[in-house]
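Take a look at the structure below.
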Amino acid sequence: MVLGRRRAGQAINIYFDIDGVLNLYGRDPRPDSPDDQDLWGSYRSQSMMVTYSPDMIERLNTVLEDPEVTPYWLTTWESQAGWFGAHVGLRDAREWTWLPAVGMSSAGQWQKFASIRRHVRTTRPSMAIWFDDDLAIQDDARAWADRTGFVHAQSPEPRIGLRPSDVDRLADLVGSAR
């Protein structure tokens, strides 16, 4: 996949945090939530630090095959994000651009928020989808996303990460932008 060759106004940018979105905080959530029907069928724990759903990765890879989609890392893993993505099976994850995400910007703003604002202003996508568990506590970032009309911000529950319904919604959003 060659990234970043789409013209401004036609691309769909998808921004991924890792921890709490692709990588769960904690162990497989199914034993603690036996009645929750919106969980993946399996989770893989490869260490105390990496727990993810192979089914989720497979479904994300399918969505990311769309030629209008460009994925980006927006995570405190920053330059190490590609390692994580490749490790769990996200196709071409080492090639995804990562945006600065640690700490506060020089203007005193949450760095992830400052980075995505600058990035969408530069790339001018037709749609942007931003997954970050910290959005739950970042009112300014959520309000900005709502005001833009084209940035869809979603905050998964960090002990569960992206659910099947979240990936379904992602696929629907990508499909609706065509």
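Working only within region 65-81, note down all residues that are surrounded by 19 or more Cβ atoms within 10 Å (Cβ to Cβ) and over 19 Å from residue 177 (Cβ atoms).
Listed by number, the residues that qualify are 73, 74, 75, 77, 81.
How many of the residues making up region 51-96 are more than 23 Å from residue 135 (Cβ to Cβ), of a type in the set (Val, Ile, Thr) and touching a Phe, Trp or Tyr at 6+ places or on another chain (Cβ under 8 Å)?
Of the residues in that region, 0 qualify.
Just one of the numbered conditions (1) part of a helix (DSSP H, G or I); (2) in contact with a strand residue (DSSP E or B) (Cβ under 7 Å, 6 or more places away or on another chain); (3) closer than 29 Å to residue 44 by Cα; (4) not aromatic (Phe, Trp, Tyr) is not true of residue 71; which one?
Here residue 71 clears every test but (1).
Which ones in region 139-160 are at pLDDT 95 or above, in a loop (DSSP other than H, G, I, E, B) and either among the hydroxyl-bearing types (Ser, Thr, Tyr) or within 21 Å of residue 19 (Cβ to Cβ) (or both)?
Residues satisfying the conditions are 155, 156.
Out of all the residues in region 82-97, which are among the aromatic types (Phe, Trp, Tyr) and either surrounded by fewer than 19 Cβ atoms within 10 Å (Cβ to Cβ) or assigned to a helix (DSSP H, G or I) (or both)?
83, 84
Just one of the numbered conditions (1) touching a strand residue (DSSP E or B) at 6+ places or on another chain (Cβ under 8 Å); (2) of a type in the set (A, V, I, L, M); (3) buried (at least 19 other Cβ atoms within 10 Å of the Cβ); (4) within 21 Å of residue 81 (Cβ to Cβ) is not true of residue 104; which one?
(3)
The values are calculated or read from the model by the stated rules, or taken from the named source; none is laboratory data. Worth saying up front: this structure is predicted, and the values here are computed from it rather than measured. Note: ideal-geometry Cβ built from the backbone for every residue, glycine included; neighbour counts use all protein chains shown.
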